[in-house]
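Here the structure is laid out as structure tokens; the discussion comes afterwards.
Bear in mind that the values in this text are calculations on the coordinates, not laboratory data. Fair warning: this is a prediction, and the values are worked out from it, not measured in the lab. Note that we place each Cβ from the backbone using ideal geometry, even for glycine, and neighbour counts take in every protein chain shown.
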Amino acid sequence: MSAQPLSPDHQVTYKTLGDVELKLDVFTPQGLEPTNQRPAIVFFFGGGWAGGKTQQFHQQARDLADLGMVAFSAEYRVSTRHKTTPFDAVRDAKSAVRWIRQHAAELGVHPQRIVAAGGSAGGHLAVCTAVIHGDEEYGEDLAISSVPDAVVAFNPVLDTTDKGFGIKSVGPDRQFDVLPCHHVQPGVAPTLVLHGTDDKLVPFENDQCFVRLMLEAGNRCELAAYEVQGHGFFNHTSFRSSIKDTRVYDRCMTATIGFLTALGYMDNQAH
């Protein structure tokens, strides 16, 4: 895998709000045809709902596209660029999942094999697409589900109270509205959580609580713990040049691929 920045195969606009166009960076497998019905994955970058770049997940998207998935890295609204809140970002993430499902036939995507993924605040968005219901963007076709079929979350924000991360962003009056641990119920999509045990920003204990609640509700949920790793451990050197050793990235991708393989998503779905 190259340490050089990657470019997507193309971009598409999935949502327009006034003069704001939100785009998906698209990475496609070789020889993709619209009739293929490949599994898809959409990544949401981290940045505390304040900033961040789609390039954070270009390497992961390229790697999974090379293994047969259609992979996307999504823009969404953040406070520094759009003066928005985490609640707007959640709606954007749900819009992205819905748009991919709505356009599955032309994208070569299987509409019931769409994975939401992301890191930190983006991991929060990925999980929220699976557990937060009813908070949809006005004007969209609600007959098309915004709920993913699986979730992969890298050191995600799972508790937005003062015991986790983000209460200043969501506000004390709404600290439970997009708090994944508070919204776990039976029927949540299979979820893989990857987290460093030495994370000083987003507590590892929040993951343990979320996984326990998921399992108690009868959902499939796995926790991959990475000893002595801190926040952002999953990044590739092509995005974060301070990372010189890609072995942890490789371990994260091995876990991700193993999880998706167990779900039947990595068996080259052209048919």
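Under Stokes-Einstein, with the Kirkwood radius over Cα pairs standing in for Rh, what whole-number D in µm²/s applies to segment 1-102 at 25 °C and 0.890 mPa s? Value of D from the Cα-based Kirkwood radius: 174 µm²/s. For the chain, the mean residue ellipticity at 222 nm estimated from helices alone is -8500 deg cm²/dmol, where every DSSP H run of n ≥ 4 contributes -39500 (n - 2.57) and the total is divided by all residues, rounded to the nearest 500. Taking the number of Cβ atoms within 10 Å of each Cβ as an exposure proxy, the fewest-first ranking of CYS221, CYS128 is CYS221, CYS128. Take every Cα pair under 8 Å whose residues are at least 6 apart in sequence, average their separation, divide by the length of the chain, and the relative contact order is 18 percent.
When LYS23, LYS53 are sorted by how many other C-beta atoms sit within 10 angstrom of their C-beta, beginning with the fewest, the order is LYS53, LYS23.
The Rg/Rh ratio of segment 91-211, with Rg taken over Cα atoms and Rh as the Kirkwood radius over Cα pairs, comes to 0.98.
Convex hull volume of the C-alpha atoms in segment 18-262, normalised per residue: 124 Å³.
Per residue, the convex hull spanned by the Cα atoms of segment 50-132 measures out at 92 cubic angstrom.
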